[in-house]
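Chemist: Quick one: the structure is below, questions incoming.
Every number here is computed from the coordinates shown, using simple stated rules; none is lab data. Here the structure is a predicted model, which means the values were calculated and not measured. All Cβ positions, even for glycine, are placed from backbone atoms using ideal geometry, and neighbour counts span all protein chains on display.
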């Protein structure tokens, strides 16, 4: 069904009936509404998970001496993939056998598993 609406097409106040396509009342483009509520919730959840992972990385590299380049790389990470790429150097820096290194490796492992569980090998 075509709906007609008044649109001012000329600056002189001449109004004309112009066909306007019918649009479902529950439809709105992402640019206007920010997406559907479920989409926004999913984006927020993904962002929160990334922030939690980055905080874990920041915590585990915090006490490492002489790892300024690694700490800087962690601070500059903007996406989960950035942190995923840093996991090997961080684990290498945490290779010590004392309780602090061991507990930080475990924390980092748990954080990575929660973010990238689909990519972890199955232990079954």
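Chemist: If I filter the stretch 50-73 down to residues being more than 12 Å from residue 111 (Cβ to Cβ) and part of a helix (DSSP H, G or I), which single residue comes out as farthest from the chain's Cα centre (by Cα)?
Modeler: Residues of the stretch 50-73 that are more than 12 Å from residue 111 (Cβ to Cβ), as a first pass: 61-73.
Then drop every residue that is not part of a helix (DSSP H, G or I), which leaves 61-62, 68-73.
Values: 61: 22, 62: 23, 68: 25, 69: 24, 70: 22, 71: 21, 72: 20, 73: 18 Å.
Once the filter is applied, the top-ranked residue is 68.
Chemist: Out of the stretch 74-85, which residues are surrounded by fewer than 18 Cβ atoms within 10 Å (Cβ to Cβ), in a helix (DSSP H, G or I) and touching a residue at least 24 places away in the same chain (Cβ under 8 Å)? Working first, answer last.
Modeler: Taking the stretch 74-85 as the starting set, the residues that turn out to be surrounded by fewer than 18 Cβ atoms within 10 Å (Cβ to Cβ) are 75-76, 78-82, 84-85.
Filter again for in a helix (DSSP H, G or I), leaving 75-76, 80-82, 84-85.
Answer for the stretch 74-85, where residues must be surrounded by fewer than 18 Cβ atoms within 10 Å (Cβ to Cβ), in a helix (DSSP H, G or I) and touching a residue at least 24 places away in the same chain (Cβ under 8 Å): 80, 84.
Chemist: Within the stretch 51-65, how many residues are in contact with a helix residue (DSSP H, G or I) (Cβ under 9 Å, 6 or more places away or on another chain) and surrounded by fewer than 18 Cβ atoms within 10 Å (Cβ to Cβ)?
Modeler: Looking only at the stretch 51-65, we keep the residues that are in contact with a helix residue (DSSP H, G or I) (Cβ under 9 Å, 6 or more places away or on another chain), and these are 52-64.
If we keep only those that are surrounded by fewer than 18 Cβ atoms within 10 Å (Cβ to Cβ) too, we end up with 52, 55, 58-59, 62-64.
Total satisfying the criteria: 7.
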